[in-house]
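Let me begin by presenting the structure, written as C-alpha coordinates, before commenting on it.
The values are calculated or read from the model by the stated rules, or taken from the named source; none is laboratory data. Computed from a predicted structure; not experimentally measured. Cβ placement follows ideal geometry from the backbone for every residue including glycine, while neighbour counts extend to all protein chains displayed. For accessibility, only protein heavy atoms count, side chains too; no ligands or nucleic acids. Shrake-Rupley method; radii C 1.70, N 1.55, O 1.52, S 1.80 Å.
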Amino acid sequence: SQTIHQWPATLVQPVGSPLSLECTVEGTSNPNLYWYRQAAGRGLQLLFYSVGIGQISSEVPQNLSASRPQDRQFILSSKKLLLSDSGFYLCAQMRQGGNGYTFGSGTRLTVV
Amino acid sequence: DQQVKQNSPSLSVQEGRISILNCDYTNSMFDYFLWYKKYPAEGPTFLISISSIKDKNEDGRFTVFLNKSAKHLSLHIVPSQPGDSAVYFCAANNAGNMLTFGGGTRLMVKP
(Lines give C-alpha, C1' and ligand atoms only; values in the text may rest on other atoms or scores of the structure.)
Protein backbone atom coordinates (compact mmCIF):
# COMPACT_ATOMS: atom_id res chain seq x y z
CA SER A 1 0.00 0.00 0.00
CA GLN A 2 1.05 3.58 -0.50
CA THR A 3 1.86 5.62 2.59
CA ILE A 4 2.93 9.26 2.73
CA HIS A 5 4.64 10.78 5.73
CA GLN A 6 4.58 14.54 6.16
CA TRP A 7 5.99 16.58 8.99
CA PRO A 8 5.57 18.67 10.94
CA ALA A 9 1.79 18.75 11.27
CA THR A 10 1.76 22.39 12.30
CA LEU A 11 4.36 25.11 12.06
CA VAL A 12 4.44 28.78 13.06
CA GLN A 13 7.27 30.76 11.51
CA PRO A 14 8.15 34.48 11.49
CA VAL A 15 8.26 36.44 8.26
CA GLY A 16 11.68 36.21 6.66
CA SER A 17 12.60 32.88 8.23
CA PRO A 18 13.50 29.79 6.16
CA LEU A 19 11.24 26.81 5.62
CA SER A 20 11.78 23.14 5.05
CA LEU A 21 8.89 20.69 4.81
CA GLU A 22 9.66 17.06 4.21
CA CYS A 23 7.62 14.34 2.59
CA THR A 24 8.59 10.70 2.32
CA VAL A 25 6.60 7.98 0.62
CA GLU A 26 6.43 4.22 0.85
CA GLY A 27 5.12 1.50 -1.37
CA THR A 28 6.12 2.61 -4.85
CA SER A 29 9.43 3.04 -6.57
CA ASN A 30 9.99 6.11 -8.73
CA PRO A 31 6.65 7.67 -7.83
CA ASN A 32 5.33 10.91 -9.26
CA LEU A 33 5.24 13.34 -6.33
CA TYR A 34 3.42 16.63 -5.86
CA TRP A 35 3.25 19.60 -3.50
CA TYR A 36 -0.10 21.36 -3.16
CA ARG A 37 -1.18 24.32 -1.07
CA GLN A 38 -4.63 25.12 0.21
CA ALA A 39 -4.89 28.74 1.32
CA ALA A 40 -7.67 29.66 3.76
CA GLY A 41 -11.05 29.23 2.07
CA ARG A 42 -9.47 28.32 -1.24
CA GLY A 43 -9.02 25.26 -3.40
CA LEU A 44 -5.97 23.10 -4.00
CA GLN A 45 -3.16 24.83 -5.84
CA LEU A 46 -0.42 22.74 -7.44
CA LEU A 47 2.99 24.13 -6.54
CA PHE A 48 5.52 21.56 -7.76
CA TYR A 49 5.65 18.09 -9.17
CA SER A 50 8.46 15.63 -9.73
CA VAL A 51 8.67 12.55 -11.92
CA GLY A 52 12.07 11.45 -10.61
CA ILE A 53 15.18 12.27 -8.60
CA GLY A 54 16.37 15.79 -9.29
CA GLN A 55 13.45 16.50 -11.65
CA ILE A 56 11.24 19.35 -10.48
CA SER A 57 8.57 21.24 -12.37
CA SER A 58 7.15 24.45 -10.97
CA GLU A 59 3.58 25.41 -11.66
CA VAL A 60 3.40 28.75 -9.90
CA PRO A 61 6.26 31.27 -9.68
CA GLN A 62 6.83 32.25 -6.06
CA ASN A 63 9.47 32.28 -3.36
CA LEU A 64 9.16 28.55 -2.71
CA SER A 65 11.34 25.82 -4.16
CA ALA A 66 11.28 22.04 -4.16
CA SER A 67 13.90 19.34 -4.29
CA ARG A 68 13.91 15.59 -4.69
CA PRO A 69 17.21 14.29 -3.33
CA GLN A 70 16.04 10.68 -3.13
CA ASP A 71 13.49 8.58 -4.97
CA ARG A 72 10.99 8.67 -2.11
CA GLN A 73 11.78 12.06 -0.60
CA PHE A 74 10.31 15.38 -1.65
CA ILE A 75 11.20 18.63 0.12
CA LEU A 76 9.52 22.03 -0.03
CA SER A 77 11.70 24.97 0.94
CA SER A 78 11.86 28.70 1.19
CA LYS A 79 14.76 31.00 2.01
CA LYS A 80 12.52 33.79 3.33
CA LEU A 81 8.89 33.26 4.18
CA LEU A 82 6.20 35.81 3.36
CA LEU A 83 2.86 36.26 5.11
CA SER A 84 1.18 35.03 1.95
CA ASP A 85 2.94 31.67 2.30
CA SER A 86 0.56 30.75 5.11
CA GLY A 87 -1.62 27.80 4.24
CA PHE A 88 -2.09 24.07 4.39
CA TYR A 89 0.61 22.21 2.47
CA LEU A 90 -0.04 18.76 1.10
CA CYS A 91 2.27 16.21 -0.40
CA ALA A 92 0.79 13.65 -2.78
CA GLN A 93 1.87 10.74 -4.90
CA MET A 94 0.26 9.24 -7.95
CA ARG A 95 -1.74 6.16 -7.06
CA GLN A 96 -0.68 2.78 -8.39
CA GLY A 97 -2.56 2.36 -11.64
CA GLY A 98 -1.99 5.98 -12.52
CA ASN A 99 -5.38 7.43 -11.69
CA GLY A 100 -5.58 9.89 -8.88
CA TYR A 101 -3.41 10.68 -5.91
CA THR A 102 -2.82 9.57 -2.38
CA PHE A 103 -2.33 12.57 -0.11
CA GLY A 104 -0.33 13.02 3.04
CA SER A 105 -1.85 14.42 6.21
CA GLY A 106 -0.65 17.93 5.50
CA THR A 107 1.26 20.69 7.30
CA ARG A 108 -0.51 23.79 8.57
CA LEU A 109 1.95 26.68 8.13
CA THR A 110 1.25 30.03 9.74
CA VAL A 111 3.63 32.86 8.95
CA VAL A 112 3.48 35.63 11.54
CA ASP B 1 -8.34 29.58 -16.67
CA GLN B 2 -10.19 27.22 -14.38
CA GLN B 3 -10.68 23.97 -16.23
CA VAL B 4 -12.59 22.37 -13.37
CA LYS B 5 -15.17 24.40 -11.46
CA GLN B 6 -17.32 23.78 -8.45
CA ASN B 7 -19.71 26.69 -8.50
CA SER B 8 -21.25 26.11 -5.08
CA PRO B 9 -18.78 26.94 -2.32
CA SER B 10 -21.11 25.48 0.30
CA LEU B 11 -24.14 23.24 0.68
CA SER B 12 -26.31 22.54 3.71
CA VAL B 13 -28.46 19.39 3.88
CA GLN B 14 -30.59 17.74 6.52
CA GLU B 15 -29.47 14.36 7.80
CA GLY B 16 -31.10 11.52 5.87
CA ARG B 17 -31.71 13.61 2.76
CA ILE B 18 -29.76 13.55 -0.49
CA SER B 19 -26.67 15.70 -1.01
CA ILE B 20 -25.84 16.63 -4.59
CA LEU B 21 -22.48 18.20 -5.31
CA ASN B 22 -21.80 19.49 -8.79
CA CYS B 23 -18.71 19.97 -10.89
CA ASP B 24 -18.21 21.38 -14.40
CA TYR B 25 -15.19 21.08 -16.64
CA THR B 26 -14.08 22.64 -19.90
CA ASN B 27 -11.35 20.35 -21.20
CA SER B 28 -12.84 17.63 -23.40
CA MET B 29 -9.58 15.68 -23.13
CA PHE B 30 -10.29 14.78 -19.50
CA ASP B 31 -10.98 11.05 -19.37
CA TYR B 32 -11.05 10.22 -15.67
CA PHE B 33 -12.78 12.00 -12.83
CA LEU B 34 -12.47 11.68 -9.09
CA TRP B 35 -14.06 12.99 -5.92
CA TYR B 36 -12.05 13.61 -2.78
CA LYS B 37 -13.28 14.33 0.71
CA LYS B 38 -11.33 16.54 3.06
CA TYR B 39 -11.73 17.14 6.77
CA PRO B 40 -10.07 20.19 8.39
CA ALA B 41 -6.35 19.76 9.08
CA GLU B 42 -6.25 16.47 7.18
CA GLY B 43 -5.23 15.47 3.68
CA PRO B 44 -7.94 14.74 1.11
CA THR B 45 -9.03 11.13 0.88
CA PHE B 46 -10.18 9.44 -2.28
CA LEU B 47 -13.92 8.84 -2.36
CA ILE B 48 -15.07 7.63 -5.76
CA SER B 49 -14.09 7.89 -9.40
CA ILE B 50 -15.48 7.43 -12.88
CA SER B 51 -13.99 6.81 -16.28
CA SER B 52 -15.22 8.79 -19.26
CA ILE B 53 -16.48 5.58 -20.86
CA LYS B 54 -19.12 5.33 -18.13
CA ASP B 55 -21.92 7.62 -17.06
CA LYS B 56 -22.47 6.29 -13.56
CA ASN B 57 -20.48 4.66 -10.80
CA GLU B 58 -21.91 3.65 -7.46
CA ASP B 59 -20.24 2.75 -4.18
CA GLY B 60 -22.55 2.35 -1.23
CA ARG B 61 -24.16 5.69 -0.40
CA PHE B 62 -22.06 7.49 -3.01
CA THR B 63 -22.87 7.71 -6.71
CA VAL B 64 -21.05 9.75 -9.31
CA PHE B 65 -22.80 10.71 -12.54
CA LEU B 66 -20.98 11.91 -15.64
CA ASN B 67 -22.61 13.85 -18.48
CA LYS B 68 -19.92 14.18 -21.12
CA SER B 69 -21.99 16.25 -23.52
CA ALA B 70 -22.62 18.82 -20.81
CA LYS B 71 -19.12 18.42 -19.36
CA HIS B 72 -20.70 17.98 -15.97
CA LEU B 73 -20.36 15.52 -13.15
CA SER B 74 -22.14 15.23 -9.86
CA LEU B 75 -21.74 13.35 -6.62
CA HIS B 76 -24.86 12.08 -4.87
CA ILE B 77 -24.78 11.05 -1.23
CA VAL B 78 -27.83 9.18 -0.03
CA PRO B 79 -28.69 9.22 2.80
CA SER B 80 -26.52 12.05 4.07
CA GLN B 81 -24.99 11.64 7.51
CA PRO B 82 -23.42 14.21 9.86
CA GLY B 83 -20.06 12.49 9.35
CA ASP B 84 -20.26 13.42 5.68
CA SER B 85 -19.72 17.06 6.62
CA ALA B 86 -16.46 17.99 4.92
CA VAL B 87 -15.07 19.78 1.88
CA TYR B 88 -15.48 17.83 -1.34
CA PHE B 89 -13.16 18.33 -4.30
CA CYS B 90 -13.75 17.06 -7.78
CA ALA B 91 -10.72 16.39 -9.94
CA ALA B 92 -10.06 15.47 -13.54
CA ASN B 93 -7.24 13.65 -15.31
CA ASN B 94 -6.35 13.60 -19.00
CA ALA B 95 -4.08 10.55 -18.88
CA GLY B 96 -1.17 12.74 -17.90
CA ASN B 97 0.73 13.02 -14.64
CA MET B 98 -1.48 15.59 -12.98
CA LEU B 99 -4.96 16.10 -11.67
CA THR B 100 -6.82 19.35 -12.07
CA PHE B 101 -8.93 20.17 -9.02
CA GLY B 102 -12.05 22.21 -8.56
CA GLY B 103 -12.23 24.81 -5.81
CA GLY B 104 -14.17 22.58 -3.44
CA THR B 105 -17.66 22.56 -1.91
CA ARG B 106 -18.18 22.59 1.83
CA LEU B 107 -20.98 20.18 2.75
CA MET B 108 -22.72 20.58 6.09
CA VAL B 109 -25.12 17.83 7.12
CA LYS B 110 -27.37 18.93 9.96
CA PRO B 111 -28.59 16.36 12.47
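Structure values in brief
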{"item": "Segment B:60-111 versus segment A:89-107: alpha-carbon centroid distance in Å", "result": "17"}
{"item": "Straight-distance crosslink candidates among aspartates and glutamates, where the alpha carbon sits under 15 Å from B:Lys56 and sequence neighbours closer than 8 are dropped", "result": "B:Asp31"}
{"item": "GluC sites (Glu not before Pro) within segment A:19-112: DSSP coil, no more than 16 neighbouring Cβ in 10 Å", "result": "A:Glu59"}
{"item": "Cα centre as origin, Lys/Arg/Asp/Glu Cβ charges: chain B dipole, Debye", "result": "160"}
{"item": "Share of carbon and sulfur in the accessible heavy-atom surface of the protein assembly as shown [1.4 Å probe, %]", "result": "50"}
{"item": "Rg [Å, one decimal], Dmax [Å, integer] - the protein assembly as shown, C-alpha atoms", "result": "17.6, 50"}
{"item": "Residue among B:Ser19, B:Ser28, B:Ser85 with the largest mean-square fluctuation in a Gaussian network model of chain B, springs linking Cα atoms under 10 Å", "result": "B:Ser28"}
{"item": "Heavy-atom accessible surface that B and A bury in contact, both chains counted, 1.4 Å, Å² to 100", "result": "1500"}
{"item": "For segment B:39-77, residues shielded by at least 50 square angstrom of accessible area compared with the chain on its own, probe 1.4 Å", "result": "B:Pro44"}
{"item": "Average accessible area per residue (Å²) across chain A - probe 1.4 Å, nucleic acids and ligands excluded", "result": "45"}
{"item": "Under the Karplus curve 6.51 cos²θ - 1.76 cosθ + 1.60, θ = phi - 60°, whole-Hz ³J(HN,Hα) for segment B:27-44, x wherever Gly or Pro sits", "result": "8, 6, 7, 4, 10, 8, 10, 9, 10, 10, 10, 9, 8, x, 6, 10, x, x"}
{"item": "For B:Ser49, solvent-accessible area (1.4 Å; no DNA, RNA or ligand), Å²", "result": "20"}
{"item": "nm² value of the averaged projected area, convex hull over the Cα atoms of segment B:23-111", "result": "6.0"}
{"item": "Within the protein assembly as shown, percent of DSSP bridges classed antiparallel, to nearest 5", "result": "90"}
{"item": "Loop-resident sites, segment A:23-112, for trypsin sites (Lys or Arg not before Pro), counting at most 16 other Cβ within 10 Å (DSSP)", "result": "A:Arg42, A:Lys79, A:Lys80"}
{"item": "Charge dipole (chain B, unit charges on Cβ, about Cα centre) - positive-most of B:Phe101, B:Gly83, B:Asn57", "result": "B:Gly83"}
{"item": "Inter-label distance, nm, simple model (7 Å from Cα along the C-beta direction), A:Val15/B:Phe46", "result": "4.2"}
{"item": "Charged-residue dipole, Cβ positions (Lys, Arg, Asp, Glu), the protein assembly as shown about Cα centre, Debye nearest 20", "result": "300"}
{"item": "Value of relative contact order over chain A, rounded to a whole percent, pairs C-alpha under 8 Å and six or more apart", "result": "36"}
{"item": "Whichever aspartates and glutamates have a C-alpha closer than 14 Å to that of B:Lys110, once near sequence neighbours (fewer than 8 apart) are set aside", "result": "B:Glu15, B:Asp84"}
{"item": "3J(HN,Hα) from dihedral phi, segment A:8-15, Karplus parametrisation 6.51/-1.76/1.60, rounded to Hz, x for glycine, proline", "result": "x, 6, 9, 8, 10, 10, x, 4"}
{"item": "Per residue solvent-accessible surface (Å²) - chain B, probe of 1.4 Å", "result": "49"}
{"item": "Segment B:1-64: Cα Rg divided by the 2.2 N^0.38 Å rule of thumb", "result": "1.24"}
